[in-house]
Structures are given as structure tokens and as C-alpha cells.
Amino acid sequence: LTPQTKTSVITVYAAGTPANRIYPTMQLHLDGEPVFSWASVDQNPQNKPYKPYTYVVNRKINPVEVRIGFANDAVENGEDRNLFIDKVVIDGVTLEAESSQTFTTSCSEGYHETEALCCNGYFRFK
């Protein structure tokens, strides 16, 4: 018998607003290390559900390992580039960005109960 590889599926539901025709770049970090990046998160945040972005990890992960980051904040010509995260689904378990259990480092650190990353930073889930 061949041992089964255990995997985890992470789906991030995201949207973004552009500045100077450039959309947000979203990063997936596991245990503090960047593992994947999506450029041009271009779903309009006023239209839900947000667009799904999926990544498969070749091991089982714990939600506390997951951070969703924003790396290219800008304000140009009156346009404000921001990243919006509705939720993250890990192996069928939904984690809401606006939960009181979600920590953010965007603009200021804390449990801000928001979907918006308006400055470079990340959401960390419990």
C-alpha cells in the first residue's frame, strides 16, 4: 500500500481596488513564510461573493499558521489600492476576516473586525 498524502485546501475570497490601474497583490503565508502570491486581485469589493483564490498545501495545516497579506498598498491620483478579504476556507472550515478572533497588522495592529487591508499588512486567523 502507498501512504496517502495528506493535503489542505485553502480558498481565499478576495476583492481589490486599483490605484494607477494596478490592483492589489495578495500573499499567502504559512508559519510566517510566504508560499504563494496572487497579483491583480481585481474583483469589485461591492460585488459579493468575492472571487475565490485557491492554494493546495501538501500537508495538513492548522488555521493559526495562515496569514493573508497585502504587499503593494498605494494612493495615486486620488485612487486608493486596497485588498478586501471576505473569508478564508481551510479544509471546509470558514474563517471570517471580520471576526473578533482575526488579528490584523494593516495600518494598526489589533482585532479590528474588518474585511479591509488598507495598508500593507496581513490577517492572521484562529
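The values are calculated or read from the model by the stated rules, or taken from the named source; none is laboratory data. Just so it is clear, the model here is predicted, and its values are computed rather than measured. Cβ sites come from the backbone with ideal geometry, for glycine too, and all protein chains shown count toward neighbours. All accessible areas refer to the heavy atoms of the entire protein, side chains included, with ligands and DNA or RNA removed. Shrake-Rupley method; radii C 1.70, N 1.55, O 1.52, S 1.80 Å.
Numbers at a glance
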{"read-out": "Given (1) open to solvent by less than 70 Å² (accessible area, probe 1.4 Å); (2) under 13 Å from T17 (Cβ atoms), number of the condition K87 does not satisfy", "value": "(2)"}
{"read-out": "Test for Y13: is it touching a Leu at 6+ places or on another chain (Cβ under 6 Å), part of a strand (DSSP E or B), of a type in the set (S, T, Y) and open to solvent by 50 Å² or more (accessible area, probe 1.4 Å)", "value": "no"}
{"read-out": "Leading residue by the ranking (nearest to V12 (Cα to Cα)) among those in region 93-102 that are of a type outside the set (S, T, Y), open to solvent by 30 Å² or more (accessible area, probe 1.4 Å) and touching a residue at least 12 places away in the same chain (Cβ under 8 Å)", "value": "V93"}
{"read-out": "Residues within region 62-84 that are farther than 21 Å from E98 by Cβ, open to solvent by 60 Å² or more (accessible area, probe 1.4 Å) and part of a strand (DSSP E or B), tallied", "value": "3"}
{"read-out": "Selection status of S99, of a type outside the set (D, E), in contact with a Gly (Cβ under 7 Å, 6 or more places away or on another chain) and in a loop (DSSP other than H, G, I, E, B)", "value": "no"}
{"read-out": "Output for region 21-49, where each listed residue is open to solvent by less than 40 Å² (accessible area, probe 1.4 Å) and within 17 Å of V9 (Cβ to Cβ)", "value": "M26, L28, H29, L30, W38"}
{"read-out": "Single residue of region 103-126 satisfying the filter (part of a strand (DSSP E or B) and touching a residue at least 12 places away in the same chain (Cβ under 8 Å)) that is surrounded by the fewest Cβ atoms within 10 Å (Cβ to Cβ)", "value": "F103"}
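Results for (1) in contact with a Ser or Thr (Cβ under 6 Å, 6 or more places away or on another chain); (2) at pLDDT below 95; (3) closer than 18 Å to I90 by Cβ, shown as yes or no for each residue.
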site: T5; (1), (2), (3): no, yes, yes
site: V9; (1), (2), (3): no, no, yes
site: T17; (1), (2), (3): no, no, no
site: I22; (1), (2), (3): no, no, no
site: Q43; (1), (2), (3): no, yes, no
site: Q46; (1), (2), (3): no, yes, no
site: P49; (1), (2), (3): no, yes, yes
